[in-house]
Amino acid sequence: MSTLATANPAAIDLRTIAPRERHAMVFGRFDALQAGQSMQLVNDHDPQPLRFQLDERAFGQFEWAALESGPTAWRVQITRVGIKPIPAATDSCCSGGACCG
């Protein structure tokens, strides 16, 4: 495992980011993580809606660990455990379109 994967990641304080920008920023940061890397988030409320959205976007690709659960701050660590493979381009025809049927 790399030192990036084992290092304690710096926390992203979502309380300092406009609410309408928070989830998109988290998704972008998550997408940039390599397998084994983590990010920590600090929020002013329970981030369960974010977890549900991340689960829809990246089911099975992350682990979610609650590090602090209120009442004034919630801290979670999200670890990338896998990267969804990009599906190979496929044609509907067995010979790449040459069979005309």
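Bear in mind these aren't lab numbers, they're just calculated from the coordinates by the rules spelled out. All values reported here derive from a predicted model rather than from experimental measurement. Cβ sites come from the backbone with ideal geometry, for glycine too, and all protein chains shown count toward neighbours.
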Select from GLY70, THR16, LEU50 the residue farthest towards the positive end of the dipole of segment 3-80; place +1 on Cβ of Lys and Arg, -1 on Cβ of Asp and Glu, and compute about the Cα centre. THR16
Note: ALA65 to VAL81 extended length (0.36 nm per residue) minus current alpha-carbon separation gives 4.5 nm
Taking K and R as +1 and D and E as -1, what net charge do the other residues with C-beta under 12 Å from the C-beta of ALA73 add up to? -2
Using only the Cα atoms, work out Rg/Rh for segment 3-80, with Rh taken as the Kirkwood radius, to two decimals. 0.93
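What is the magnitude of the charge dipole of segment 3-80 about its Cα centre, with +1 placed on the Cβ of each Lys and Arg, -1 on the Cβ of each Asp and Glu, and no other charges, expressed in debye to the nearest 20?
Working: 8 positive and 9 negative charges, 26 e Å.
Once rounded to the nearest 20, the dipole reads 120 debye.
What is the gain in length, in nm to one decimal, between ALA24 and THR72 on full extension, counting 0.36 nm per residue of separation less the C-alpha to C-alpha distance? Numbers along the way, then the final one.
Values: separation 48, 0.36 × 48 = 17.28 nm, distance 2.31 nm.
Once the chain is fully extended between ALA24 and THR72, it gains 15.0 nm.
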